[in-house]
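Heads up, the thing below is written out as structure tokens.
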Amino acid sequence: MLLADTKRILLKLSGEVLMGDQQFGIDTDFVAKLAGEVKAAKETGLEICLVIGGGNIFRGMAGAAKGMDRAQADYMGMLATVMNALAMQSALEKLGVETRVQSAIQMDQVCEPVIRRRAERHLEKGRVVIFAAGVGAPYFTTDSGAALRAAEMGCDALFKGTSVDGVYNADPKKDASATRYDTIDYDTVLAENLKVMDASAVALCRDNDIPIVVFSIRERGNLARVLAGDGIQTIVRTGANRSAS
């Protein structure tokens, strides 16, 4: 196991990942593959919480940048995360994985409200819990929602599955000389404004001593490899010496 004594994790997926090779929306085939990755991780004995962004459907900050009221735009983004959560729930349950969606915006017809003790009970029964609608308030990203739920649920680590394979000193898509870190500490991430998660999410993980593991979810089987300690990733944790590949 990548991190010793890891029993419960929160897996944060960016909404863009659910697009697969599309330009917008949800690629059901790719979501099915992601569900297979989650199922394989769960079969190692882990208790798993999920948080999925909404950028494949609507991003609040982008709406605000085009003149939309920021709070209104953020609420629309929260609804997008509920759609993604329901898509992932459907894919997981087709694979026989029991799943519950809990939303920070109450919508009883489609999912449960966020209730910590109920979520803990679901995890204890072997269900995957998908937290949707961020923190239920505007001006917070789904990264902050993921950090909050990881702390609230007592997770041993937060795994962030993205389109890149770790944390770099520059954008690897724009700078071919960018260096990837194997390990780095929270304060360095914050001081150098490295784009791991937003600052409030990193600070919340730091304050609750929750390691952040950043890896590429697009590579098939990579979640299992990272959990086993074999995959490529960056670990952000307290006291980590900066080491680069």
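What follows draws every value from the coordinates through simple rules; no lab data is involved. Small disclaimer: the values here were computed from a predicted structure and weren't measured. Every residue, glycine as well, gets a Cβ built from its backbone with ideal geometry; the counts of neighbours run over all protein chains shown.
Points worth noting:
- Taking Cβ atoms as reference points and 11 Å as the exclusive limit, the residues near residue 20 contribute a net charge of -2, counting Lys and Arg as +1 and Asp and Glu as -1.
- Relative packing of peptides 237-243, 43-49 - highest average C-beta neighbours within 10 Å first: 43-49, 237-243
- Cross-link pairs 33/160; 66/195; 94/160 - those with Cα-Cα distance over 21 Å: 66/195; 94/160
- Between the residues 28, 138, 13, the greatest Cα displacement towards the positive end of the dipole of the chain, with unit charges on the Cβ of Lys, Arg, Asp and Glu, is found for 28.
- Over the chain: helical MRE at 222 nm, DSSP H runs n ≥ 4 each giving -39500 (n - 2.57), nearest 500: -11000 deg cm²/dmol
- Kirkwood Rh (inverse of mean 1/r, distinct Cα pairs), segment 165-245, angstrom: 12.9
- Considering only the chain, percent of DSSP beta bridges that pair antiparallel, nearest 5: 20
- Per residue, the average separation of C-alpha pairs within less than 8 Å and at least 6 apart gives segment 143-245 a relative contact order of 38 percent.
- Taking 200, 14, 177 in turn, the Gaussian network model of the chain (Cα-Cα springs below 10 Å) assigns the largest fluctuation to 177.
- Charge-dipole axis of the chain as Lys and Arg at +1 and Asp and Glu at -1 on Cβ define it, positive-most pick from 86, 232, 150: 86
- For the listed peptides 192-199, 105-112, a ranking on the average number of other beta carbons within 10 Å per residue, highest first, reads 192-199, 105-112.
- Taking Cα centre as origin and charging only the Cβ of basic (Lys, Arg, +1) and acidic (Asp, Glu, -1) residues, the dipole magnitude of segment 8-244 rounds to 260 debye.
- When both segment 33-92 and segment 139-176 are represented by their alpha-carbon centers, they are found 13 Å apart.
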